[in-house]
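Participant: Below is a structure I'd like to ask you about.
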Amino acid sequence: MADFSNQDVMKLREMTGVGMMDCKKALIETKGNMDEAVKFLREKGMAQAAKKAGRVAAEGIVDSYIHMGGKIGVLLEVNCETDFVARSDQFKELVHNLCMQIAAAKPEVVSIEEIPQEKIESEKEILYNQARNEPKPKPDAVIEKMVEGRIKKYYTEVCLLEQNYVKNPDITVKQLINETVSSIGEKISVRRFTRYEMGEGIEKRKDNFVDEIAEQLQSMNK
């Protein structure tokens, strides 16, 4: 039985500005202790980040990263509130690490909100069909949970902020940014990025060795 109520979750949200699910998780972790839950969120960098979410971040930098001898390239814009922070080593290091994250993990969008709803519905339909076509039939409630888990995994694959940070898989990219927000005291937002991979989208020549061998045998028999 939970040691807290929905009213406690709402109160914690009002105190910190953090989302409902994160507030609920904090109360679970701290067994309903409100003060400890606030501390928990602050240690995670969530409370400070949420309180600064409404601020305007119009400064920042555009950084680039080239990897594997020119095989992969990334352009990334990250915003902050002041030019002073934009020029700081800590902010520049964060942006460069995010560039490396994009190069390595191949996200498609910055956040879940950027995925078109029709794309999510299409992905869910595929996952539902996969679950229903598994050899051992499962109840609808189980299938629902399976799809829910798999769509969350999908988010971690395509959304930059939801991905595990490649340099420290124990945290997400969102948590990395929140920790930096807590440290520098300014709002930070990833605005946009572009990832290039050499030859991506080009239909490459596929060698058909069977046909080549057959041609060689025919020429030898002539």
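The values are calculated or read from the model by the stated rules, or taken from the named source; none is laboratory data. It should be emphasised that the depicted structure is a prediction, and the values quoted were computed from it without experimental measurement. Every residue, glycine as well, gets a Cβ built from its backbone with ideal geometry; the counts of neighbours run over all protein chains shown.
Participant: With 102, 126 as the choices, which residue is aliphatic (A, V, I, L, M) and either more than 30 Å from residue 68 (Cα to Cα) or not in a helix (DSSP H, G or I) (or both)? Walk me through how you get there before you give the answer.
Facilitator: Values: 102 fails: either more than 30 Å from residue 68 (Cα to Cα) or not in a helix (DSSP H, G or I) (or both).
Testing whether each residue is aliphatic (A, V, I, L, M) and either more than 30 Å from residue 68 (Cα to Cα) or not in a helix (DSSP H, G or I) (or both) leaves just 126.
Participant: In addition: Tally the residues that are among the hydrophobic types (A, V, I, L, M, F, W, C) and over 25 Å from the mean Cα position of the chain (by Cα), restricting the search to region 106-152.
Facilitator: At the first step, the residues of region 106-152 found to be among the hydrophobic types (A, V, I, L, M, F, W, C) are 109-110, 112, 115, 120, 126-127, 131, 141-143, 146-147, 151.
Imposing the further condition that a residue be over 25 Å from the mean Cα position of the chain (by Cα) reduces the set to 141-142.
Summing the residues that are among the hydrophobic types (A, V, I, L, M, F, W, C) and over 25 Å from the mean Cα position of the chain (by Cα) in region 106-152 gives 2.
Participant: Conditions first: (1) on the phi > 0 side of the Ramachandran plot; (2) loosely packed, with under 13 Cβ neighbours inside 10 Å; (3) not polar (S, T, N, Q). Residue 121 passes all but one, so which condition is the exception?
Facilitator: (1)
Participant: Go over the candidates 131, 141 one by one and state the one that is out of contact with any Lys or Arg (no Cβ under 8 Å at 6 or more places or on another chain), farther than 30 Å from residue 82 by Cβ and at pLDDT below 85.
Facilitator: Numbers: 131 fails: out of contact with any Lys or Arg (no Cβ under 8 Å at 6 or more places or on another chain).
Going through 131, 141 in turn, just one is out of contact with any Lys or Arg (no Cβ under 8 Å at 6 or more places or on another chain), farther than 30 Å from residue 82 by Cβ and at pLDDT below 85: 141.
Participant: Go through the residues of region 175-187 one by one and say whether even a single one is on the phi < 0 side of the Ramachandran plot and free of Cβ contacts under 8 Å to residues at least 24 places away in the same chain. Give the steps one after another, and end with the answer.
Facilitator: At the first step, the residues of region 175-187 found to be on the phi < 0 side of the Ramachandran plot are 175-184, 186-187.
Of the ones still in play, those that are also free of Cβ contacts under 8 Å to residues at least 24 places away in the same chain are none.
No, region 175-187 has no match at all.
Participant: Okay, moving on. Restricting region 148-194 to residues that are acidic (Asp, Glu), assigned to a helix (DSSP H, G or I) and surrounded by fewer than 16 Cβ atoms within 10 Å (Cβ to Cβ), which is modelled with the lowest pLDDT?
Facilitator: The first filter runs over region 148-194 and keeps only residues acidic (Asp, Glu), leaving 148, 157, 162, 170, 179, 186.
After this cut, where a residue has to be assigned to a helix (DSSP H, G or I) as well, the list is 148, 157, 162, 179.
In the following step, the residues that additionally are surrounded by fewer than 16 Cβ atoms within 10 Å (Cβ to Cβ) were identified as 148, 157.
Numbers: 148: 84, 157: 93.
Out of the qualifying residues, it is 148.
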